[in-house]
Amino acid sequence: MKFKMRNKQHMSLSVDDGRAVALEKLIEKEIPSEKSSVPQHTRPMPRIYFIGVDVGTTSARAALVTSQGEVINQHSEKITIWNPEKDHYEQSSDNIWNSICECVRTVTADVPKDEIVAISFDATCSLVVLGEYGQPLSVSTTSSPDQNVILWMDHRASEETDKINSTKHEILRCVGGQVSLEMQMPKLLWLKNHMYITTWSKIWRTFDLPDFLTWRATGFASRSLCSVVCKWNFDAERNQWCSDFLEQIGLDDLCDNNFEIIGREILKPGDPVGRGLSERAANELSLNKGIFVGASLIDAHAGALGMFGCKTGVYDLDAMEGKLALICGTSTCHMSLTKSPCWAEGVWGPYKNAILPNYYLNEAGQSAAGVLLDHVVMTHPRFKDVCTLLDENEHIYSYLNKVLHQMAVDKNLEDVCLLTKDIHMWPDFHGNRSPLSDPGLRGMICGLQLKSDEEELAILYLATMQALAYGTKHIIETLMEKQRPKYHSLLFCGGLAKNDLYVQTHADVCELPAVVPYEQEMVLVGAAILGACASKVYPSLECASQAMGGKGKILYPEGCTIDFHRKKYRVFLNMLSDQRKYCDIMNS
């Protein structure tokens with residue numbers, strides 16, 4: 001059945017049965033036409049909902065989201081990780097899907113199913129391997145069929161990564177000059193080299209985890225451009241797989257049958273997938289069959305999509321090309337868009353259309369951010385003692401922030417940042433992702449004293465936050481050296497975005513206003529935006545992002561800190577050259 005849905009312009013879409021008319025009526029209530037004479041304050045409450053699903057490293061989450069980007073309800077479920085040997089991290093696609101189903105059923109329990117228009121997914125860039133009839137196929141040295149997902153953080157494929165990078169193929173230019181251990185081609189090559197008979201020869205399909213979820217929801221084996229261009233070395237400029245690259249790295253068998261194992265049909269994020277939710281998935285999720293499913297995004301990219309639409313009311317800060325989105329979790333991803341490609345060694349991209357159509361994405365990141373702060377704090381001798389002093393539901397970071405502010409007052413300092421004058425850190429305890437792309441770098445701390453009290457813990461914590469901010473500044477400067485348009489603002493989401501001192505430190509160090517959306521669950525909102533685009537409730541992905549991105553508060557740089565941070569940044573860069581000198585000495 002064909003019908004017209006009106007949202008400032010007419011579009012023709014196909015929807016199952018009589019729900020087309022019902023959906024059109026919902027949209028008329030939710031987003032009245034420009035000619036509507038009904039005052040805004042008397043219009044009906046929103047009755048169009050989207051489900052955003054986010055699969056992180058340790059849990060799956062689902063949220064019920066309105067067409068204004070408000071998260072009404074959310075629920076999370078833990079997912080299992082296996083670590084059978086050093087550098088091997090594995091998961092189960094069945095376990096992940098079952099966790100998603102529980103989350104979705106929970107958040108939609110009290111909502112009429114006819115008001116749910118779409119469901120869409122984001123996830124970590126983990127590798128899912130399926131055998132005949134779509135059954136899980138083991139990627140584990142244990143041979144367990146449940147363990148059919150190689151987690152993004154798995155580092156087993158170091159030799160394969162080196163082999164791929166030694167080709168210096170032109171396509172590697174799009175990943176800063178070399179693939180990462182965390183990308184998919186090294187992992188696939190490892191499976192071929194180490195599990196040829198038991199796994200490689202039996203593969204039916206391989207998916208990035210976000211694409212597995214859309215396949216599992218629809219039965220349609222498409223791939224999202226976001227996944228394949230960012231993690232699978234797909235050529236977005238030519239819109240094709242690179243056969244000669246696959247041949248050079250020893251994966252020419254992936255070219256067979258028009259690349260059916262790795263994906264024949266590539267969709268842009270937010271494109272509708274297949275015929276919508278399959279009957280099987282609808283029963284498992286307790287949703288209506290046929291609701292829209294939008295082509296997926298990688299989890300950090302979904303957060304960026306949500307934040308790119310966030311408004312401040314300040315024109316310069318809302319310009320798309322001037323935004324740098326930081327998605328802060330275990331690691332931190334730095335995302336920014338340009339109209340023209342910006343090539344920077346050590347920074348992934350430019351990826352054409354990877355998030356929004358007609359924009360190029362540059363993706364940088366810090367391999368350890370939230371986990372680094374946790375490590376520094378939790379391994380300190382005073383950590384357990386401090387935990388006993390916390391109020392109910394108080395986070396240790398909030399407590400340490402108060403300690404730092406009191407220390408600054410006691411020392412009559414103009415700003416908290418000045419407490420770290422004599423202590424400096426290089427934060428790459430887990431290697432450098434950007435802009436150096438050097439997994440061999442290690443962390444350094446200069447200025448330690450023979451002290452282990454609460455104040456020393458607080459100062460180490462502050463020095464770590466500053467080091468992460470200097471790492472962000474290093475990324476910005478690298479891109480600016482390549483004539484990237486000037487940045488006007490930083491945007492933050494994720495766990496660390498709830499820490500005002502972390503955000504303010506970035507604003508001060510980078511000398512840019514920092515914007516924190518009022519709706520903090522922007523990864524879930526980003527996933528929901530994909531469904532809003534797929535269902536044409538909004539006419540484009542960019543329109544959906546702007547309509548659902550909400551508003552945010554602004555933290556401006558403190559002028560009194562500029563000279564201090566510029567000096568500390570010089571020390572920061574010197575620590576890099578010093579570490580390399582030490583390596584040269586020891587290797588001579």
Residue-wise HN-Hα coupling along region 563-572, computed from phi with Karplus coefficients 6.51, -1.76, 1.60 (Hz; x: Gly, Pro): 4, 4, 5, 5, 5, 5, 5, 4, 4, 3
task: Select from region 408-471 those GluC sites (Glu not before Pro) which occupy a DSSP coil region and have at most 16 other Cβ atoms within 10 Å, ordered by residue number.
output: E414
Peptides 148-161, 298-311 ordered by average Cβ neighbours within 10 Å, highest first: 298-311, 148-161
Within straight-line cross-link reach of K86, lysines at Cα separation under 25 Å, skipping those fewer than 8 residues along the same chain: K78, K163, K187, K192, K231
- request: For region 505-521, just list the computed ³J(HN,Hα) in residue order, Karplus coefficients 6.51, -1.76 and 1.60, θ = phi - 60°, integers in Hz, with x standing in for Gly and Pro.
  value: 4, 5, 4, 5, 5, 7, 6, 9, x, 10, 10, 10, x, 5, 8, 7, 8
statement: Taking every other residue with Cβ under 14 Å from the Cβ of I445 and scoring Lys and Arg +1, Asp and Glu -1, one gets -1
field: Using θ = phi - 60° and Karplus 6.51 cos²θ - 1.76 cosθ + 1.60, couplings along region 248-256 (whole Hz; Gly, Pro as x)
entry: 4, 8, x, 10, 5, 5, 6, 7, 4
message: Sequence gap at least 6, Cα distance under 8 Å: using those rules, report the relative contact order of region 146-216 to the nearest whole percent.
response: 30 percent
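Note down the net charge around E519, summing +1 for each Lys or Arg and -1 for each Asp or Glu among other residues with Cβ under 11 Å from its Cβ.
-1
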- line: Toy charge model, Lys and Arg Cβ at +1, Asp and Glu Cβ at -1: region 421-489 dipole around Cα centroid in debye, rounded to 20, equals 480 debye
message: Let me check against my output: what whole-number percent is the relative contact order of the chain, with C-alpha pairs under 8 Å and at least 6 apart?
response: 15 percent
- line: Answer check: the chain, Cα atoms, Kirkwood Rh, Rg/Rh ratio of 0.97
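With each run of n ≥ 4 DSSP H residues scored as -39500 (n - 2.57), what mean residue ellipticity at 222 nm is computed for the chain after dividing by its residue count and rounding to the nearest 500 deg cm²/dmol?
Values: 19 runs with 209 residues, N = 588.
Rounded to the nearest 500, it is -11000 deg cm²/dmol.
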- prompt: If you count, for each residue, the other Cβ atoms within 10 Å and average over each peptide, how do 416-426, 527-537, 257-267, 347-357 line up from highest to lowest?
  reply: 527-537, 347-357, 416-426, 257-267
- request: Any chance you could look up the accessible area of L555 with a 1.4 Å probe, heavy atoms only, rounded to 10 Å²?
  value: 20 Å²
query: Check C125: other-chain or 5+ apart residues with amide H under 5 Å from its amide H, H built from backbone geometry?
result: D299
- request: Using amide H atoms built 1.01 Å from N in the peptide plane, name the residues 5+ places from G494, or on other chains, whose amide H lies under 5 Å from its own.
  value: C328, M522
- prompt: Cβ under 13 Å from V416's Cβ, V416 left aside: what net charge do those residues give with Lys, Arg +1 and Asp, Glu -1?
  reply: -4
statement: Relative contact order of region 319-369 (C-alpha contacts under 8 Å, at least 6 apart) in percent is 37 percent
message: For a protection proxy built on the mean count of beta-carbon atoms within 10 angstrom, sort 168-180, 113-125 highest first, please.
response: 113-125, 168-180
Euclidean distance of C-alpha centroids, region 386-447 and region 88-159, integer Å: 35 Å
- prompt: Under 21 Å from the Cα of K113, which lysines turn up, not counting those fewer than eight places away in the same chain?
  reply: K25, K29, K289, K536
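The values are calculated or read from the model by the stated rules, or taken from the named source; none is laboratory data. Model, not experiment: these values are computed from the prediction. Please note: Cβ atoms are built from the backbone with ideal geometry, for glycine as well, and neighbour counts cover all protein chains shown. Note: accessible area is taken over every heavy atom of the protein model, side chains too, but ligands, DNA and RNA are not part of it. Shrake-Rupley method; radii C 1.70, N 1.55, O 1.52, S 1.80 Å.
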